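Remarks on the structure that follows.
The values are calculated or read from the model by the stated rules, or taken from the named source; none is laboratory data. Note that the structure is predicted; figures quoted are calculated from it, not measured. Counting neighbours? That spans all protein chains shown, and the Cβs are built from the backbone with ideal geometry, glycine included. Keep in mind that these areas ignore ligands, DNA and RNA; they rest on the heavy atoms of the full protein, side chains included. Shrake-Rupley method; radii C 1.70, N 1.55, O 1.52, S 1.80 Å.
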Amino acid sequence: MKKIVQRIYKARWTYRQSLTKKPKNVSTKISDLFVWRSSSKWETFFELVDIASLFENKTMPRNYVDIVFFNSNGETILQRKIELIKNRRQVINISNLLSKVGHIEKYGEVGAFAIFHSNIPKIIPKLSSFIAERGYVSYKYKDNLLCSYVHGNLDAISMCENNINTVGGRGFLTRKYNLQYELKGGSVYELGIVNSSNKNMLVECEFTPINGGPIVTKLESINSKGVKVFSIGVDPKHSYRAIMSSKLIMTRPLVFRINEDYFDVFHG
Amino acid sequence: MSFFPILKAPNVSGYTTLCNFPPNNWEINHTKSQFISLTYMEDNMWHSDQLGILNSNDLKTFYATEIEPLIPDGELPLLSLSEEPLLKTSKQLPALKFPVTTTPWWRATLGLSSQFSATSYQGELPIFPSQGSLLSFAPFLQFGQTIENFVLLVNITNDPVHNASEVEIYNANNKILLGSREIFSNKINIIQLDDFGFNENDLPVISCRNMSALPLYFSKTKDESSMSIEHTHAPMSMVTHGDRFGAQKHIKDLWFSDLKK
C-alpha cells in the first residue's frame, strides 16, 4: 500500500512530464538556449567546434551552423550562418554579431541564442540520436583579463527544415529548484533563467537568508525562449540561498557572481 | 554514488561547500541529518574520518588549508555525506547511504580561491571503473603573457592504489602528438597546457586510453587576481536521446585509432 501511494505521489511529478521532448523527425538538430549578455560591462563569446567532423574522419564538404538570437522576450532578432572549420577552434564574438543590429537600443542587454549544426553524421540517426550543441560560452566583465567559461547543459530548442521549436518540458504543478550553493556576502549575484518550454512561465526566485538579512522574493513572467535575470546584492555580513519555483521541469539558473575586483560564472 | 573532492591547483587553494538539502522538492523527500566524512588513501587502504554532522537545510564549507593537515601529503581529500557513518577503514571506497536525484544530480560547490579572487562550479565526482578512457576536446585555453592554463585530471576508483597511466596531448587539426604526461588514479593530476605550443585557433585534445578522469580546465592570471574553471562534457553529450553510449564509443574508437603516438 505504501509503495502504491509513493508511486501515485511520484506520478504527479513525472507522468507525461519529461525534461525534454524527443523530436519525431530524424533530421532535427538540437541546441541549448545559451544566455548572451552584451553591454558596456559584458561581452559574450561562443566556442564553436564542428561537431559533425568529430564523428567522421573522411573529407566532407564544409559544414556550417545557424546561430539564432532571441531578445529577453523570446522574439527572434537575428539569424546568421557561419561556416565551420574542421577540427579547429572558432571563437565567435556574440556581442560583435549583435552590435550589428544595434541590440542595446533595440533589444536590451540580455537574451538567448541557439546553435544548429547543418550536417548530421550518418551514425547519429542509426543510434536513434540527434546532434546536440551544448558547448561552451565565455563571458568577459569590464576590463578583466580573463573570460569565465560555462558549459551548456540542456536540450532546449530544435530546428527542423527551418522550423524552430522549444523542446523543454513543463509540469502540471509548481516545483522548486534549490540551488545547492551559498550566496556569500560581499558579492552581487545575477541569476539568469531561460524558458525552454513553449508557454509563458511565471518564475519566482526566493533569496532565503542563511545568516541574517531579510527574505527577498522576485517574480517574473518569462516568454518562451525568453530570459530574465534575478539579482541580489548580498551584504558582507550576510549569506543567502536561492530557490526557484515554476512549472518548468528544471529551473536551473546560470549564476553570475560579481565582486568589486573579479567575477565568476557557473551553472546551478 | 558520488564524492566531493577538495580541488587543488598551483598557487591557489581549494574549497568545497556541502549542502544537506536536495536540489528539488519532487524527486525525494529528504529531511535527515547526514554524517560528513573525509575519506583518503593511506597504506593501500581507504580511511574515513568523521568531520561532524550536517543538519537538514544546512551548508558547510571545508577549506584545503584545514583538511590537508589531516591526511597524508599529496593524497586526494574526498568529502561525502551519508545517513550512516562510514567504516573507518576499507579496501573499497566506502558505500554511502546518500539520497539520489537526477534532475539535477545532488551537487556541491567545488572551488579554487586566492587572496584576490575565486572560481567554482557545481559538481560531484563519480567513481570511475578501473579500466576506462578519456577523450576531451578542450576549447578553453586563454592567451596572454600574464595568463596560465591547466587541466586538472581528477580520478577516483574503488581500489586504494595509485595506478599509473599516460595522458597524451594532441592538436585536433593535424592529430600530431605534442606531448604526454604520467597520471595516477585516485589523484588530482595537474598538467600545464601553456607548454604545448597551442595557438588561438587550435583545438587541444586530451586523451588517455586506459584511465577515465574528470577533465577540469583552469585558467588564471599569474597574480591570481582572476580565474576560471569549467569541465568539458563527455563525448556522448554531442548527441541527445537514443544510444548515447554508442555515439561515445564511435567517437572514441575513431579518434583513438587516428591519434598516432
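Tabulated results
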{"item": "Relative contact order %, the stretch B:133-261, counting alpha carbon pairs below 8 Å whose residues are six or more apart", "result": "34"}
{"item": "Size of electric dipole in chain B: Cβ of Lys, Arg +1 and of Asp, Glu -1, about Cα centre, debye, nearest 20", "result": "540"}
{"item": "Sparsely packed chymotrypsin sites (Phe, Trp or Tyr not before Pro) within the stretch B:109-163, loop by DSSP, other Cβ within 10 Å at most 16", "result": "B:Phe116, B:Phe143"}
{"item": "Given charges at Cβ of Lys, Arg, Asp, Glu: chain B dipole, positive-most of B:Gln192, B:Asn163, B:Thr65", "result": "B:Asn163"}
{"item": "Relative contact order (%) - criterion: Cα under 8 Å, at least six apart; region: the stretch A:170-267", "result": "42"}
{"item": "Portion, in percent, of the accessible area of the protein assembly as shown that falls on carbon or sulfur, probe 1.4 Å", "result": "49"}
{"item": "Globularity ratio of chain B, using Cα Rg and 2.2 N^0.38 Å", "result": "1.03"}
{"item": "Relative contact order for chain B, counting Cα pairs under 8 Å that sit 6 or more residues apart, in percent", "result": "20"}
{"item": "Trypsin sites (Lys or Arg not before Pro) restricted to DSSP loop in the stretch A:61-100 with at most 12 other C-beta within 10 Å", "result": "A:Arg62, A:Lys100"}
{"item": "Electrostatic dipole magnitude of the stretch B:134-258 [Cβ: Lys, Arg +1; Asp, Glu -1; Cα centre; debye, to 20]", "result": "320"}
{"item": "Label point 7 Å beyond Cα of B:Trp105 along Cβ direction - residues of the stretch B:40-78 with amide nitrogen under 18 Å", "result": "B:77-78"}
{"item": "Kirkwood Rh and Cα Rg combined as Rg/Rh, the stretch B:29-159", "result": "0.98"}
{"item": "Total charge dipole magnitude, the stretch A:200-260, about the Cα centre, Cβ charges on Lys, Arg, Asp, Glu only, Debye to nearest 20", "result": "220"}
{"item": "Cα pair distances in the stretch A:1-145, grouped into 5 Å bins until the bin that holds the longest one, percent each", "result": "2, 8, 16, 17, 15, 12, 10, 8, 6, 4, 2, 1, 0"}
{"item": "Sites excluded, GluC sites (Glu not before Pro) in DSSP loops with at most 14 other C-beta within 10 Å, longest stretch of chain B", "result": "B:84-199"}
{"item": "Dimensions in Å of the stretch B:68-110 - Rg and Dmax from alpha carbons", "result": "12.9, 37"}
{"item": "Cα centroid separation, the stretch B:189-207 to the stretch A:138-195 (Å)", "result": "28"}
{"item": "Residue among A:Gly152, A:Ile164, A:Val137 farthest towards the positive dipole end of the stretch A:94-177, charges placed on Cβ", "result": "A:Gly152"}
{"item": "Cα-derived Rg over Rh, computed across the protein assembly as shown with Rh taken as Kirkwood radius", "result": "0.94"}
{"item": "Trypsin sites (Lys or Arg not before Pro) within the stretch B:130-196, DSSP loop, no more than 15 other Cβ atoms inside 10 Å", "result": "B:Lys175"}
{"item": "Inter-part distance where the stretch B:95-158 and the stretch A:4-41 are each reduced to a Cα centre, Å", "result": "24"}
{"item": "Unit charges at the beta carbon, dipole of chain A: most positive-side option, A:Ile222, A:Tyr9, A:Phe70", "result": "A:Tyr9"}
{"item": "Of A:Lys81/B:Lys220; A:Lys41/B:Lys222; A:Lys237/B:Lys60; A:Lys100/A:Lys225, those spanning more than 27 Å from alpha-carbon to alpha-carbon", "result": "A:Lys81/B:Lys220"}
{"item": "Calculated SAXS-style log₁₀ I(q)/I(0) at q = 0.18 Å⁻¹ - the stretch A:15-78, Debye, Cα scatterers", "result": "-1.01"}
{"item": "Chain A: Rg to Rh, with Rh as the Kirkwood radius over Cα pairs", "result": "0.99"}
